[in-house]
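Comments concern the structure below.
Please treat every number below as a calculation from the coordinates, not as lab data. Since we're looking at a predicted model, the values are computed, not measured.
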Amino acid sequence: MIITPAESHDVEKLLAFREEAAAWLRSLGSDQWSRPYPADKLLATIEAGTVFMLRDGHTTAGTITLTSDAEAGLWADDELNEPSMFVNKLTVAREYSGQNLGGRLLDWAGDRAYRAGAKWLRLDAWTTNESLQRYYLAQDFRHVRTVRGGSAVNGGPRVSGWLAQRLAQSADHGFTDRVPAPTRLRNVA
């Protein structure tokens, strides 16, 4: 499998991935990703070069967003001073479930973060999705804290505030990496 940067024509596939994941989560009793994601916001993240696609021939098997920008209001100032990269929107197509592609995408992200000079690979997860939290703990993330205050961008209470991190480190993820080398983080000594 090959990992590549997402391109503007991938927006529809990414929105379909999100809907597929939301339907699966609903079947498990979770309201995660129940609000539609704005296509223009997704396109902006693609254009920023932070969205990556895992491709199996002509089929997209998964996606991950990896950025050096933390979501506002989640991480403390002292944590933001540590070189870190942040995972968002990790999604694997249902037809590829059970193959540890999510774990390997996290390893790829940790390796990329390490090569950029990050100390930490960080993420936030849906506060009420305990299955997802257990998944990340099984992927060697450590729970930092749960942020319950504040509000989401579209109004209402914050729903994704379970914070976790693991050390960024070199990893053999097994993918053919067609992503240009990462830019070195600014706050790296």
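Summary value for segment 2-171: 19 percent relative contact order, contacts being C-alpha pairs under 8 angstrom separated by 6+ residues. Each principal axis of the Cα atoms in segment 1-93 has its own extent, and those three values, largest first, are 41, 32, 25 angstrom. The aspartates and glutamates within cross-link reach of Lys119, meaning a Cα-to-Cα straight distance under 13 Å and a gap of 8 or more places when in the same chain, are Glu79, Glu82, Asp111. By the gyration tensor of its Cα atoms, with a ≥ b ≥ c the square roots of the eigenvalues, what is the shape of segment 51-189: rounded for a/c under 1.5, prolate for a/b over b/c, or oblate? Oblate shape, in that a/c is at least 1.5 and b/c is the bigger or equal ratio.
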